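The values are calculated or read from the model by the stated rules, or taken from the named source; none is laboratory data. Every value quoted in this text rests on a predicted model; they were computed, and no experiment measured them. As a convention, Cβ positions derive from the backbone with ideal geometry for all residues, glycine included, and neighbour counts pool all protein chains shown.
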Amino acid sequence: MTDPPRGADRTEAIMRTTLELGQEIGYARLSIEAIAARAGAGKHTIYRRWPSKGALFLDSLLSLHQSDLDYPDTGDIVTDLRTQIHAAVDLLGNPPFGPLYQALVGEAQYDPQVAAALNERFIAPQAAMTVARLKKARDAGQLSPAFDLSLAMAVLSGPLYFQFLITQEPLTHEYVDRVLHALFNGMGKPSQSPSPDVDSGES
């Protein structure tokens with residue numbers, strides 16, 4: 001008889017089982033009991049490591065993603081953003097990560113601990129990399145000195161999450177390119193003083 005896995009092997013087995021079941025039956029029907037039964041682990045063993053189904057699901061999902069969305073630096077900010085965001089939508093738009101991540105974001109709306117952990121471990125680091133790359137471009141004179149870094153981050157991510165979570169339309173490279181075009185044909189240009197309003201009636 002094969003001995004049950006222990007330590008790191010047991011942790012990996014539990015997380016792998018969580019993802020397998022999540023894909024098979026969906027997050028809503030997923031339970032600690034079902035995970036424990038398939039993984040050959042005790043329910044109390046799982047609860048000692050993870051306080052909730054959401055926490056286990058978060059760890060399991062992030063085990064698929066090991067910070068492989070780092071920005072290139074070719075000296076062209078638009079090219080670098082396009083390359084990185086294309087990689088991100090490829091990750092989000094396809095199984096297994098995409099549908100499972102969508103379920104995790106839904107769970108975060110109800111579990112503040114999951115929401116905080118998701119932000120700390122995935123969303124915030126990705127946002128920080130984006131802002132850092134934009135800042136480097138601004139410091140190099142590729143963007144206006146008045147370029148709003150945090151607003152640019154919101155403009156870049158907002159449409160993607162809207163399509164991914166709300167309309168649930170496919171995330172495509174073409175859509176990313178449209179978002180980049182909208183951003184850099186507006187915010188990316190050096191600011192100019194408005195032309196005098198000749199019809200204002202001022203003397």
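Quick notes
- Selection within the range 43-52 - in a helix (DSSP H, G or I) and buried (at least 19 other Cβ atoms within 10 Å of the Cβ): Ile46
- Within the range 46-62, residues that are on the phi < 0 side of the Ramachandran plot have Cβ atoms under 7 Å from residues that are among the acidic types (Asp, Glu) and part of a loop (DSSP other than H, G, I, E, B) in these pairs: Ser52/Asp111; Gly54/Asp111, counting only partners at least 6 apart in sequence or on another chain.
- Inspection of the range 75-91 finds a residue satisfying the criterion of being closer than 18 Å to Leu19 by Cβ and either without any contact (Cβ under 8 Å) to a residue 12 or more places away in the chain or assigned by TED's automatic domain parsing to the domain that holds Ile166 (or both).
- Residue-level analysis places Pro145 among those that are more than 15 Å from Leu92 (Cβ to Cβ) and not in a helix (DSSP H, G or I).
- Positions within the range 117-131 being without any contact (Cβ under 8 Å) to a residue 40 or more places away in the chain and among the aliphatic types (A, V, I, L, M), in sequence order: Ile123, Ala124, Ala127, Ala128, Val131
- The listed residues are Val105, Val114, and the only one of them that is touching an Asp or Glu at 6+ places or on another chain (Cβ under 9 Å), in contact (Cβ under 8 Å) with a residue 12 or more places away in the chain and in the same structural domain as Thr167 (by TED's automatic domain parsing) turns out to be Val114.
- Selection status of Asp73, outside any helix (DSSP H, G or I), touching a helix residue (DSSP H, G or I) at 6+ places or on another chain (Cβ under 8 Å) and not β-branched (Val, Ile, Thr): yes
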